[in-house]
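This report concerns only the one structure given below.
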Amino acid sequence: MRTNPERRQALIDAAIEVLADEGARGLTFRAVDKRAAVPAGTASNYFSSRDDLLTQVGSRFYERLQPSAETMAKVTEGPRTRANITELMKEVVARIEAFRTGYLAMLELRLEATRRPELRAVLTERVREDLDFNVRNHLESGQPGDADTVRLLYLALNWLIVDRLTLPDIFTEEQSAHLIETAVERLVQNA
């Protein structure tokens, strides 16, 4: 297997785009090579199998969605109020909407994981780590609400994001913002 990290990342990023545009059935090494504008056969030199590529895409999605230092400071040092949590939730939705192809690729991966136990195991571990990270940061920061608050916001916002990215005419931006505000207001107690 080849080890050029920049080339590997470019191939994984191309795979994200292929998944978002063509779905899991369209994800082939040839399609990834074409999207990455590299010679035919390049992807097969970097990934042992299609399953390996799918797994790497799952990890890369989370790498690209890491919150900024400014956002993390709002969690750890920001005011302990519903308003701060509302702004943080709006930032999460905006960050994910800005990486539309990544989220759509992740939806494809989740569907594919129902048929591929190895991928399901990797995605389960990665999503659980992400959720645990968010719960831990929330609780350690002293923000209002408990672990279930974080989990319920995760569930609510994920479906809002699915609708915004797949059926954008269901909710306007204003309606989406209002729904985020309402979810926080109803879920975050003692603020």
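Please verify whether Leu139 is aliphatic (A, V, I, L, M), open to solvent by 60 Å² or more (accessible area, probe 1.4 Å), part of a helix (DSSP H, G or I) and closer than 22 Å to Ala73 by Cβ, treating the condition exactly as stated. Yes, satisfied. Within the stretch 80-127, the set of residues being closer than 18 Å to Glu181 by Cβ, open to solvent by less than 80 Å² (accessible area, probe 1.4 Å) and in a loop (DSSP other than H, G, I, E, B) comprises Thr81 only. Those helices (runs of 4 or more DSSP H) of the stretch 1-74 in which 2 or more residues are open to solvent by 60 Å² or more (accessible area, probe 1.4 Å) occupy 5-22, 29-36, 50-64. Of the residues making up the stretch 142-152, those that are of a type outside the set (Gly, Ala, Ser) and either part of a helix (DSSP H, G or I) or farther than 22 Å from Glu77 by Cβ (or both) are Asp148, Thr149, Val150, Arg151, Leu152. When the stretch 180-190 is examined, which residues are found to be open to solvent by 70 Å² or more (accessible area, probe 1.4 Å) and not basic (Lys, Arg)? Glu181, Glu185, Gln189, Asn190, listed by residue number. Residue count for the stretch 69-128 under the criterion of being farther than 30 Å from Thr28 by Cα and not hydrophobic (A, V, I, L, M, F, W, C): the result is 15.
The values are calculated or read from the model by the stated rules, or taken from the named source; none is laboratory data. Remember, predicted model here, so these are calculated numbers, not experimental data. Note: ideal-geometry Cβ built from the backbone for every residue, glycine included; neighbour counts use all protein chains shown. SASA here: full protein model, heavy atoms, side chains in, ligands and nucleic acids out. Shrake-Rupley method; radii C 1.70, N 1.55, O 1.52, S 1.80 Å.
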